[in-house]
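Structure first, then comments.
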């Protein structure tokens, strides 16, 4: 069966006229060319980036989603900062039982996902997502730079034929445990059109053979200057980053569809009593028919 085409951006109806100019200003922060005197978002002492001037209510609402990324980029503490995004159904699935995930969310959520890519240094996906969806992980829907693509594959189980390793559209890191790095390099496509590299990290797999070292992976990427990291999927990988306390932010886009049975979306460690269940600060933003939950998880990240 042929892969369905992405929902068309032409179906978007609520992008305000002042948003493109505002988006250009956000990209200036991403690229390091914005100053505190810029018209548009201006740096406010002690409060991070804020809107200066008059903008539509919708542009201000969209800006609120991306402000934490801008603040993280201009922070001077040197710490890595990680945001994850996941799209899932009302009943908590990212795909059907057959693995079909085209498309859980609508065009607005896809556009939001590309904006997150453009504002981050790197975008990371797990080996399951690469094997099943073979994503490009570029910013083809929005103006802005494509991030470094990171394929999180601790056991180096990929065959080396993934599009991100071959297409040359953006720099790509095949991130695996150091013990499997040589095997990955032997399967890496060759030639100038595929600027991919294997990054072996010691201890990415635990001594007992399970559980990738999430925090080691984040630290290894930060050492390469990839400090603002976007974990795009899939459900297993995002859930592992959540359980490891490695996420400062989580965007959960819930679509008005019921799947019934399939690949689970976000999974969190189980609690015995409701009082122990995480209830992070959150606000909702409509993305077309989808509802995006913007969850602030910074209080759950260890300050080591």
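Tabulated data
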item: Fewest-first sequence of 176, 120 by Cβ atoms within 10 Å of each Cβ; result: 120, 176
item: Sites residue 257 and residue 185, calculated FRET efficiency, Cβ-Cβ separation with R0 30 Å, nearest 0.05; result: 0.15
item: Distance (nanometres) between label positions extended 7 Å along Cα→Cβ at residue 270 and residue 289; result: 3.4 nm
item: Proxy reagent accessibility, fewest Cβ within 10 Å first, across 254, 231; result: 254, 231
item: For Rg/Rh (Cα atoms, Kirkwood Rh), calculated from these coordinates, the label among (1) 0.95; (2) 1.05; (3) 1.08; result: (1)
item: Contact order relative to length of the stretch 79-300, as percent, for alpha carbon pairs under 8 angstrom and 6 or more apart; result: 31 percent
item: Label-to-label distance, nm, for residues given as residue 77 and residue 197 (7 Å Cα→Cβ offset); result: 2.8 nm
item: Cα centroid separation - the stretch 58-101 against the stretch 109-154, whole Å; result: 12 Å
item: Neighbour-count order for 66, 55, fewest beta carbons within 10 angstrom listed first; result: 55, 66
item: Segments 78-91, 277-290 sorted - mean Cβ within 10 Å per residue, highest first; result: 78-91, 277-290
item: Estimated [θ] at 222 nm from DSSP helical runs (n ≥ 4, -39500 (n - 2.57)) normalised by residues in the chain, nearest 500; result: -8000 deg cm²/dmol
item: Distance between modelled label sites at residue 52 and residue 91, nm, 7 Å Cα→Cβ extension; result: 5.1 nm
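Read the figures in this text as sums done on the coordinates, not as results from a lab. This is a predicted model, so every value here is computed, not measured. Cβ sites come from the backbone with ideal geometry, for glycine too, and all protein chains shown count toward neighbours.
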